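Below you'll find the structure, written out as structure tokens, and then a few comments.
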Amino acid sequence: MTAIDPKRTLENMRGEDLRAVVFDLGGVLIEYRGAAKLLDWRPDLTHEESWRLWLSSPAVRAFETGRLGASEFAASLTAELRLTVSPADFLVEFTGWVVGPYAGTADLVRRIPSHITRATLSNISEVHWRRFESENDLYRLFHHHFPSHLTGKIKPDVEAFEHAASALGCEPGSILFLDDQPINVRAAEKAGITAVCVQGPREAERVLLELGIIDP
């Protein structure tokens with residue numbers, strides 16, 4: 001990750017005090033095999049291409065906004081992306097894509113001062129959301145959650161970020177958003193939110209330290 005300039009980033013908050021830190025889940029706080037697993041069934045794709053197909057897939061968008069059931073999703077996606085796996089086998093594999101929180105994730109979230117709102121904003125299906133909810137030590141550390149299958153809003157649509165800012169009651173410029181996908185970071189910035197691309201909790205910690213949000 002490219003080092004950021006804390007002064008410049010805080011200036012981008014338009015003079016507002018930081019009021020909320022919003023995290024993506026998969027790839028930032030939770031280990032998620034994700035669309036990289038598509039390469040097992042589509043070896044002709046690159047890693048970046050697999051993510052681009054995943055994020056733009058009509059089947060994925062419908063499923064992760066709660067408009068499509070799991071079985072219908074598996075059938076639609078395997079056909080849409082020409083995957084060399086049956087819908088039933090894909091669904092079994094897909095259920096296990098969420099590995100669990102990275103080591104030290106809960107401790108990192110706890111270090112955020114209590115006056116700053118903690119939230120998550122994630123593209124996530126009901127299948128994987130149930131797994132996250134079961135990780136009570138992490139789930140309960142946040143004041144708000146914005147899972148796409150419940151909000152009906154999905155990244156990288158700017159509307160997803162505008163919805164979260166409105167629900168938090170914050171000016172967009174007072175929110176820091178951390179995500180592992182550059183396309184989502186750019187969308188957050190279009191909504192006026194300060195956003196940084198990070199991979200995993202160590203890079204997230206580095207950003208929070210550089211901005212003086214948490215103590216060493």
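The values are calculated or read from the model by the stated rules, or taken from the named source; none is laboratory data. Everything numeric in this text was worked out from a predicted model, so none of it was measured. Cβ atoms come from the backbone with ideal geometry, glycine included; neighbour counts cover every protein chain shown.
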Tell me which of these Pro182 doesn't satisfy, since it passes every other one: (1) out of contact with any Leu (no Cβ under 8 Å at 6 or more places or on another chain); (2) at pLDDT 95 or above.
-> (2)
What number of residues in the stretch 178-216 are among the β-branched types (Val, Ile, Thr) and farther than 19 Å from Phe161 by Cβ?
-> 2
Gly192 passes all but one of (1) touching a Pro at 6+ places or on another chain (Cβ under 9 Å); (2) in a helix (DSSP H, G or I); which number fails?
-> (2)
Inspect all residues belonging to the stretch 119-132 and state whether any of them is out of contact with any Ser or Thr (no Cβ under 8 Å at 6 or more places or on another chain), assigned to a loop (DSSP other than H, G, I, E, B) and over 21 Å from Gln181 (Cα atoms).
-> no
For residues that are of a type in the set (Phe, Trp, Tyr) and touching a Leu at 6+ places or on another chain (Cβ under 8 Å), scanning just the stretch 74-112, find the one that is surrounded by the fewest Cβ atoms within 10 Å (Cβ to Cβ).
-> Tyr102
Name the pairs whose Cβ atoms lie under 7 Å apart, with the first residue in the stretch 43-62 and without any contact (Cβ under 8 Å) to a residue 24 or more places away in the chain, the second polar (S, T, N, Q) and assigned to a helix (DSSP H, G or I), and 6 or more positions between them or separate chains?
-> Ala59/Ser76
Of the residues that sit in the stretch 83-115 and are among the β-branched types (Val, Ile, Thr) and part of a helix (DSSP H, G or I), which one is modelled with the lowest pLDDT?
-> Thr95
Tell me which residues, restricted to the stretch 133-153, are part of a helix (DSSP H, G or I) and not hydrophobic (A, V, I, L, M, F, W, C).
-> Glu133, Ser134, Asn136, Asp137, Tyr139, Ser148, His149, Thr151
All positions within the stretch 171-195 that are within 12 Å of the chain's Cα centre (by Cα) and over 15 Å from Ala119 (Cα atoms) | Asp180, Gln181, Pro182, Ile183, Asn184, Val185
Among the residues of the stretch 117-124, is there at least one that is among the hydrophobic types (A, V, I, L, M, F, W, C), crowded, with 18+ Cβ neighbours inside 10 Å and under 29 Å from Trp41 (Cβ atoms)?
-> yes
Under 18 Å from Phe132 (Cβ atoms), acidic (Asp, Glu) and either in a helix (DSSP H, G or I) or modelled with pLDDT of 85 or more (or both) - does that describe any residue in the stretch 33-51?
-> no
Restricting attention to the stretch 81-88, does a residue exist that is within 27 Å of Gly200 (Cα to Cα) and in contact (Cβ under 8 Å) with a residue 12 or more places away in the chain?
-> no
Long-range neighbours under 9 Å by Cβ, at least six apart or interchain, first residue assigned to a helix (DSSP H, G or I) within the stretch 154-166, second at pLDDT below 95 and of a type in the set (Ser, Thr, Tyr) | Ala165/Ser174
